[in-house]
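Structure record follows, encoded as structure tokens.
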Amino acid sequence: MQKIIKIENLFYTYQKEEIFNNLSLTIDEASFTAIVGNNASGKTTLIKLIAGLLPSNNSIIAGYAYVNSKKMYLTTEFYGICLDNMIDNFLSHDVYSELTFPLENLNMEKDLIEKRILEIARLFKNTKMLDKKIDDLTICEKKELIIMIALLHKPKVLLLDNMLSMLTKESKKKIIRILKKLQKDEKLTIIATTTNLKDIVESDYTIVIHKGKIVMEGKTNSILNEDDILNKVGLELPFMENLSKKLQFYEVIDKVYQDMDDLVNDLWK
């Protein structure tokens with residue numbers, strides 16, 4: 001499978017503190033990769049480096065271009081970027097204007113802007129949001145809006161920094177379903193950071209980092225089996241996932257569940 005992101009021998013220091021020392025990893029095109037670790041493990045810094053928001057000294061290749069913080073225009077359309085702090089930094093007072101702004105910056109014609117905004121709203125089954133004010137949105141709706149904005153220009157890679165946290169069960173299911181559809185239909189590559197192992201279950205591949213180093217990586221199902229290593233770096237498997245893995249071991253079920261009702265329905269088939 002083609003590698004869409006390549007990081008080779010990355011070094012990064014912030015205020016004399018070493019964050020990454022000779023870090024290397026690759027991301028497959030059209031994959032859903034989770035980067036998981038506890039707070040201060042380096043996840044957000046890594047996302048910003050991949051996005052070109054921080055200098056990486058030509059250690060990162062996105063597609064066929066070096067990521068360079070001084071030449072972000074080379075990867076602006078390549079990435080869709082969702083950072084957790086964006087929830088408090090909207091530029092407009094209403095949702096429609098917020099969605100319009102990035103497309104205007106790409107010099108898109110007005111009729112195409114309207115068409116694309118309607119397409120993305122229908123994809124999220126949330127056309128009613130277009131008439132709302134930003135201040136009237138819930139946290140879930142604000143996070144949903146950030147992801148919608150990031151997807152407007154149809155990027156090759158979507159970067160999600162802690163965007164799946166603080167979502168309701170229904171909202172998280174909805175967003176995951178949409179992202180998996182885009183992954184399949186449009187070959188979207190998804191990279192999502194989280195501190196919660198509950199958020200990685202739907203990913204294809206997981207990278208576990210601790211203090212700026214990769215301690216484990218592989219297919220997500222195999223990572224979830226490594227309880228001892230996960231516990232050592234401060235990560236704990238949630239109850240439902242832990243129960244599912246035990247039932248999988250005894251071949252009672254064949255997948256990991258996050259919802260008790262779904263698990264019960266499977267057991268009663």
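Summary of values
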item	result
One residue from N242, N221, N265 being closer than 21 Å to D28 by Cβ, surrounded by fewer than 16 Cβ atoms within 10 Å (Cβ to Cβ) and either modelled with pLDDT under 95 or β-branched (V, I, T) (or both)	N221
Qualifying residue in segment 225-233 (condition: surrounded by fewer than 11 Cβ atoms within 10 Å (Cβ to Cβ) and either touching a residue at least 12 places away in the same chain (Cβ under 8 Å) or of a type outside the set (S, T, N, Q) (or both))	yes
Residues located in segment 241-269, provided they are within 23 Å of T194 (Cβ to Cβ), free of Cβ contacts under 8 Å to residues at least 40 places away in the same chain and part of a helix (DSSP H, G or I)	N242, L243, S244, K245, K246, Q248, M260, D262, L263
Criterion violated by L158 - all others in (1) of a type outside the set (S, T, Y); (2) surrounded by fewer than 16 Cβ atoms within 10 Å (Cβ to Cβ); (3) under 15 Å from the mean Cα position of the chain (by Cα) satisfied	(2)
Close pairs (9 angstrom Cβ cut-off, 6 or more residues apart or separate chains): of a type in the set (G, A, S) in segment 119-131, exposed (fewer than 10 other Cβ atoms within 10 Å of the Cβ) anywhere	A121/K128
One residue from G52, G37 being surrounded by 17 or more Cβ atoms within 10 Å (Cβ to Cβ) and in contact with a His (Cβ under 7 Å, 6 or more places away or on another chain)	G37
Tabulated pairs, segment 56-67, first hydroxyl-bearing (S, T, Y), second part of a loop (DSSP other than H, G, I, E, B), C-beta under 9 angstrom, 6+ apart or interchain	S56/V67; S56/N68; S56/S69; S59/V67; Y66/S56; Y66/N58; Y66/S59
Filter result for N38 (of a type outside the set (A, V, I, L, M), modelled with pLDDT under 95 and more than 30 Å from K232 (Cβ to Cβ))	no
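Okay, residues lined up against (1) closer than 23 Å to M166 by Cβ; (2) touching a Leu at 6+ places or on another chain (Cβ under 9 Å); (3) in the same structural domain as V157 (by TED's automatic domain parsing):
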{"residue": "N58", "(1), (2), (3)": "no, no, yes"}
{"residue": "V67", "(1), (2), (3)": "no, yes, yes"}
{"residue": "Y73", "(1), (2), (3)": "no, no, yes"}
{"residue": "L83", "(1), (2), (3)": "yes, yes, yes"}
{"residue": "S97", "(1), (2), (3)": "no, yes, yes"}
{"residue": "T100", "(1), (2), (3)": "no, no, yes"}
{"residue": "L103", "(1), (2), (3)": "no, yes, yes"}
{"residue": "I113", "(1), (2), (3)": "no, yes, yes"}
{"residue": "I117", "(1), (2), (3)": "no, yes, yes"}
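The values are calculated or read from the model by the stated rules, or taken from the named source; none is laboratory data. Note that the structure is predicted; figures quoted are calculated from it, not measured. Cβ sites come from the backbone with ideal geometry, for glycine too, and all protein chains shown count toward neighbours.
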